[in-house]
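Engineer: Below: one structure in structure tokens.
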Amino acid sequence: MKYSLFRFRKSTPAILPVTLLASSLSLPAFSQDQQQRLDQMEERLNTMQKQMTESALEKVRFNGFFSTGYTRATNDAGYDDATEQSDLQTLSLFGLQGTFALGRNTDAVLQLVSRGNEDWDTELEWGYLRHQFRTGTEVRAGKMRLPLFMESETLEIGYGQTWARPPEAVYDPVPVRSYLGGDLAHTFNFDSSSLQTRLFAGHLDDEADSLGTVVDVELRNLNGLTANWTNYLWTFRGVYARAESSVGSVGGPVDLGQDEKAEFMGLGLSYDDGAWLLMSELTRIEVDGEFQDTDSAYITVGRRISEVTPYLTASWIESQDNYERDGTPLEVLDVRRQAYSLGFRWDMMPSVAMKFDWTHARGFSSTTGGLTGNQQKVLNGNPGDVSDTTDLYTIRLDAAF
Amino acid sequence: MRILSRKVPGRLTLALATLMMLSPIASAELVIIVHPGGPDSITRQQVRDIYLNRSSQMPDGQRAVAFELAPGNSMRDEFNDLITERSDAWLKAFWSRQVLTGKGQPPTEMSSASGMKSVVSSTLGAIGYLDSTLVDDSVKVALTPQP
């Protein structure tokens, strides 16, 4: 790099006058050979400019992502909080990520996200320091995404995903996203595969919507590990995490338990050969107290046909501890639900994708299906109004830049 | 008439000669080029690994600096057909995920073949690709991928 910079710097004063001189001369008088040389010089100037911009960019780099969309449901069951009169806010978000190089192998990463359903208040979603050792080990400290799912790191980056939204059965039961702490990851590179292991520990204090109110969620002594193996065609993932969980507050409108033992287990599988794609995750949440213990899973199959990727998803969730809420108002948290999605992603132009999705949810049994609208109806004393199926139509626009 | 009949074979010969001269250009093929101080050869798999962010090293241990041509260039399509085996849409989504999760940066895009040649010739660890007819000794051809 030093060599190339030196070379360009040396040739800068020479190129500029020549280019200026050349442009002031009448071009037809130039022989083809001279014209070619001029083109080459121009190219070199372009290259030099690019390299200068790049070296400036290497210190600070900004990337962003944007989503907006429209969702409409056939009733007010509340799947993904959608109703018959949905607005554009729920799927809309804007994210800006800055990476600041502090040294050759150290950087600071900030991610700011404004969400339409949070009145566009800007939130620091990520803010961490990272150091990468040459041995393949990486340490990070700060505010980071909780690595529970295969798509955790790209959770809000719609452009990076095939779906209109991550399957709710698996992605929604954990009502929080990012924690404060540190992690240590090591990547083992084999011949044509790699294994990444990550240990993480920290603390999480956030708010979440539950039963129509905003409740505090705290995960203390949070720690866990993930393992991710891939041969760049198949990927297998395993995760285990535990914490002491407090959801809601004693004496508050909602109290789903304080300092309860909480565990999370997950297995993931994906396949992507450029044409076919397959993704599946199986997760289990076990929390002492009233917070729901759920088992859930999904499977997605898609096929890329030039710019269009049709996909099918089937998902399922079921609470395993209904007896703990028996006879209490918290019975509305019992959940059983299957959902089927049929949709497609259309890569309409570079860095912009549009998605169309139809999701049908059913099989709630005697539960609310874990849907917010249904829960409200029961809590308001109208259990007869609970919907036992719902259909959801989504159009979504995603961009990354 | 006599003048014409004499000229026709002449024109034909000229046309044939031109065709023969042009034929190597017509069979232009994709070549993988590296910095003149770079490795003498590289395998298709090694090139693929670098361009799909699976490896950041050249076969000689040098840190790889990858360059690609802009969308719409026929050599880019050829490269994606022969080496990455991925569509532009797939690569766009893939790199946005890599960038936003801090896993790496996409190859630097060069707007022209001559830009590609000059940047590869002047950057240590550089790797790129070109139409074989545009190669000169400012860069080293490390692989001619066969379909």
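Since every read-out is calculated from the coordinates, none of them should be taken as a lab result. Just so we're clear, the structure is a prediction, and the values are computed from it rather than from any experiment. No Cβ is skipped: glycine too gets one built from the backbone with ideal geometry, and neighbour counts run over all protein chains shown.
Engineer: Counting only helical runs of four or more DSSP H residues, what would the 222 nm mean residue ellipticity of chain A come to if each run contributes -39,500 (n - 2.57) and the total is spread over all its residues?
Structural biologist: Rounded to the nearest 500, the figure is -5000 deg cm²/dmol.
Engineer: Which percent of Cα-Cα pairs in the stretch B:82-135 sits in each 5 Å bin, short to long?
Structural biologist: 4, 16, 21, 21, 21, 13, 3, 1
Engineer: If you don't mind, another one. Taking amide H atoms as placed 1.01 Å from N in the peptide plane, list the residues 5 or more away in sequence, or in a different chain, whose amide H sits under 5 Å from that of A:Glu123.
Structural biologist: When sequence neighbours closer than 5 places are left aside, the close amide H contacts are A:Val113, A:Ser114.
Engineer: Ok, one more. To one decimal place, what orientation-averaged projected area in nm² is obtained for the convex hull of the Cα set of the stretch A:97-229?
Structural biologist: Projected over every direction and averaged, the Cα hull of the stretch A:97-229 covers 9.7 nm².
Engineer: At what distance in nm do the modelled label points of A:Val139 and A:Arg303 sit from each other, each positioned 7 Å from its Cα along Cα→Cβ?
Structural biologist: 5.0
Engineer: Measure of size requested: the Rg and Dmax of the stretch A:320-368, with Cα atoms as the atom set and Å as the unit; please supply both.
Structural biologist: Cα only, the stretch A:320-368: 18.0, 54 Å (Rg, Dmax).
Engineer: How many partner chain Cβ atoms sit within 10 Å of a residue's Cβ in peptide A:92-103, on average, as a whole number?
Structural biologist: 1
Engineer: Would you work out if the stretch A:222-327 is rounded, prolate or oblate? Take a ≥ b ≥ c from the square roots of the eigenvalues of the alpha-carbon gyration tensor; rounded if a/c is under 1.5, else prolate when a/b is larger than b/c, oblate otherwise. Mind showing how you got there, number by number?
Structural biologist: Working: a/c = 3.25, a/b = 2.10, b/c = 1.55.
It is prolate, given that a/c is not under 1.5 and a/b is the larger ratio.
Engineer: State the three equivalent ellipsoid semi-axes of chain A, derived from the C-alpha gyration tensor as the square roots of 5 times its eigenvalues, in descending order and whole Å.
Structural biologist: Its equivalent ellipsoid spans semi-axes of 48, 26, 20 Å.
Engineer: Using alpha carbon centroids, what distance separates the stretch A:72-131 and the stretch A:336-401, in Å?
Structural biologist: First find each Cα centre; the distance between them is then 19 Å.
Engineer: Would you kindly derive the ³J(HN,Hα) couplings of the stretch A:377-389 from the backbone phi angles with the Karplus curve 6.51 cos²θ - 1.76 cosθ + 1.60 (θ = phi - 60°), listing them in order in whole Hz, with x for Gly and Pro?
Structural biologist: Rounded to whole hertz, the list is 4, 5, 5, 7, x, 10, x, x, 8, 5, 7, 9, 8.
Engineer: Binning every alpha carbon pair distance of the stretch A:257-399 at 10 Å from zero, what are the percents per bin?
Structural biologist: Percent of pairs per bin, in order: 11, 30, 30, 20, 8, 0.
Engineer: Another question about this same structure. Per residue of B:81-87, count partner chain C-beta atoms within 10 Å of its C-beta, then hand back the mean as an integer.
Structural biologist: That average works out to 2.
Engineer: Work out, step by step, the length gained on full extension between A:Trp358 and A:Leu267: first 0.36 nm times the residue separation, then minus their alpha carbon distance; give nm to one decimal.
Structural biologist: Full extension of this stretch gives 30.1 nm more.
Engineer: For the pair A:Asp391 and B:Leu124, how long in nm is the line joining their label points, each one 7 Å along Cα→Cβ?
Structural biologist: 6.4
Engineer: Full extension from A:Phe188 to A:Asp259: what is 0.36 nm times the residue separation minus their Cα-Cα distance, to one decimal in nm?
Structural biologist: Additional length available on full extension: 21.9 nm.
Engineer: Can you compute 3J(HN,Hα) from phi for each residue in the stretch B:28-37, using the Karplus curve 6.51 cos²θ - 1.76 cosθ + 1.60 with θ = phi - 60°, rounded to whole Hz and x for Gly and Pro?
Structural biologist: So the Karplus estimates, Gly and Pro as x, are 4, 10, 6, 10, 8, 10, 9, 4, x, x Hz.
Engineer: Just how many pairs of Lys in chain A have C-alpha atoms closer than 18 Å, counting pairs that are eight or more places apart or on different chains?
Structural biologist: Lysine pairs satisfying the spacing and distance rule in chain A number 5.
Engineer: Further, regarding this structure: Inside 10 Å of the C-beta atoms of A:224-234, what's the mean count of C-beta atoms belonging to other chains?
Structural biologist: 1
Engineer: According to a simple spin-label model (label point 7 Å from Cα along Cα-to-Cβ), what is the distance in nm between A:Glu84 and B:Thr43?
Structural biologist: Modelled inter-label distance: 6.4 nm.
Engineer: At a Förster radius of 35 Å, what calculated FRET efficiency corresponds to the Cβ-Cβ distance of B:Ser111 and A:Leu233, to the nearest 0.05?
Structural biologist: After rounding to 0.05, the efficiency reads 0.60.
Engineer: For A:Arg145, what is the net charge nearby, where nearby means another residue's Cβ is under 11 Å from its Cβ and Lys, Arg count +1, Asp, Glu -1?
Structural biologist: -2
Engineer: Search the structure for amide H atoms under 5 Å from the amide H of A:Val254, placed 1.01 Å from N in the peptide plane, and list their residues when 5 or more places away or on another chain.
Structural biologist: A:Ser249
Engineer: FRET efficiency for A:Asn223 and A:Ser31, Cβ-Cβ distance as r, R0 = 60 Å, nearest 0.05?
Structural biologist: Between A:Asn223 and A:Ser31 the formula returns 0.25.
Engineer: So what J values fall out for the stretch B:124-140 if you push phi through Karplus, 6.51 cos²θ - 1.76 cosθ + 1.60 with θ = phi - 60°, rounded to Hz, Gly and Pro as x?
Structural biologist: Per residue, the Karplus-derived 3J(HN,Hα) values read 5, x, 6, 9, x, 9, 8, 6, 4, 6, 9, 7, 10, 7, 7, 10, 10 Hz.
Engineer: If you don't mind, there's one more thing I want to ask. Taking Rh as the Kirkwood radius, which is the inverse of the mean 1/r over Cα pairs, what is the Rg/Rh value for the stretch B:27-143? Intermediate results must be reported in sequence, preceding the final value.
Structural biologist: Values: Rg = 13.1 Å, Rh = 14.1 Å.
Computed over Cα atoms, the ratio is 0.93.
Engineer: Contact order normalised by length for the stretch A:256-401, with contacts defined as Cα pairs under 8 Å and 6 or more residues apart; what percent is it?
Structural biologist: 16
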